[in-house]
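The values are calculated or read from the model by the stated rules, or taken from the named source; none is laboratory data. Bear in mind the structure is a predicted one, so any value in this text is a computation, not a measurement. Counting neighbours? That spans all protein chains shown, and the Cβs are built from the backbone with ideal geometry, glycine included.
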Amino acid sequence: MNHGKDMKNKIQHFDPKDFEAVKNIALNFPGAEESISHEGTPSVKVRGKLMCRLHDSGEFIPVRLDFEIRDHYLERYPEIFHLPDHFKPYPYLCMWTYHYDKKLLHEILELSWKGLATKKQISEYEAEKKNNGL
C-alpha cells in the first residue's frame, strides 16, 4: 500500500483565508505562535499546545476552552457555536467559519489563551490592558 500516493490524492476542503481573522486576533496574545496542525490546517498554539485551528472540513474552527466555559457559550450562542460528537470528550468549542462576531471571537480567544498561558504572561497581559485603559 502506497500511503504517500494516497496523501497526494487527498482533497483538502479548507481555505486558509477562512482562518485569517481568527489568526490575526489570536497572534496578538503573548506567546501565541502560528503553526500547522492536523491535515495541514493553519493553527495557533501557545506553549506548544493547540489554541485554535481551522478544521480540515473548512466549516468550523475548534477553539480550546474549559468544559464549563464551552457549555456556557454553546447554550448562549447556538447559532455561532456547535459541538460535533467527536469533539464532546475534548475541551474544544467549535465556531462556524461563516458566522461569528469579532468582539465575541476576541472574548473566546482570550479565554482560550488564558487557559494555556503562564501566570506571568497573564499578569503582564492584564497589567498592559489596565495601563491602556482596556
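In the range 116-134, the residues that are without any contact (Cβ under 8 Å) to a residue 40 or more places away in the chain form Cβ pairs under 8 Å with partners that are assigned to a helix (DSSP H, G or I) and surrounded by 10 or more Cβ atoms within 10 Å (Cβ to Cβ), at six or more places apart or across chains, as follows: ILE122/LYS114. The set of residues from the range 95-134 being among the hydroxyl-bearing types (Ser, Thr, Tyr) and either in contact with a His (Cβ under 7 Å, 6 or more places away or on another chain) or farther than 23 Å from ARG70 by Cβ (or both) comprises just one member, SER123. Take TYR98 and decide whether it is loosely packed, with under 11 Cβ neighbours inside 10 Å, in a loop (DSSP other than H, G, I, E, B) and under 17 Å from the mean Cα position of the chain (by Cα). It is true that TYR98 is loosely packed, with under 11 Cβ neighbours inside 10 Å, in a loop (DSSP other than H, G, I, E, B) and under 17 Å from the mean Cα position of the chain (by Cα). The residue that is modelled with the lowest pLDDT, counting only those in the range 24-67 that are in contact with a helix residue (DSSP H, G or I) (Cβ under 9 Å, 6 or more places away or on another chain) and β-branched (Val, Ile, Thr), is THR41.
Limited to the range 101-114, what total is found for residues that are outside any loop (DSSP other than H, G, I, E, B), without any contact (Cβ under 8 Å) to a residue 60 or more places away in the chain and either acidic (Asp, Glu) or surrounded by 15 or more Cβ atoms within 10 Å (Cβ to Cβ) (or both)?
Of the residues in the range 101-114, 5 are outside any loop (DSSP other than H, G, I, E, B), without any contact (Cβ under 8 Å) to a residue 60 or more places away in the chain and either acidic (Asp, Glu) or surrounded by 15 or more Cβ atoms within 10 Å (Cβ to Cβ) (or both).
Evaluating ARG70 against the criteria (1) among the basic types (Lys, Arg); (2) at pLDDT 95 or above; (3) surrounded by fewer than 16 Cβ atoms within 10 Å (Cβ to Cβ) leaves one unmet condition, (3). Reported count of residues in the range 75-124, each being of a type in the set (Phe, Trp, Tyr) and closer than 19 Å to LYS49 by Cα, is 4.
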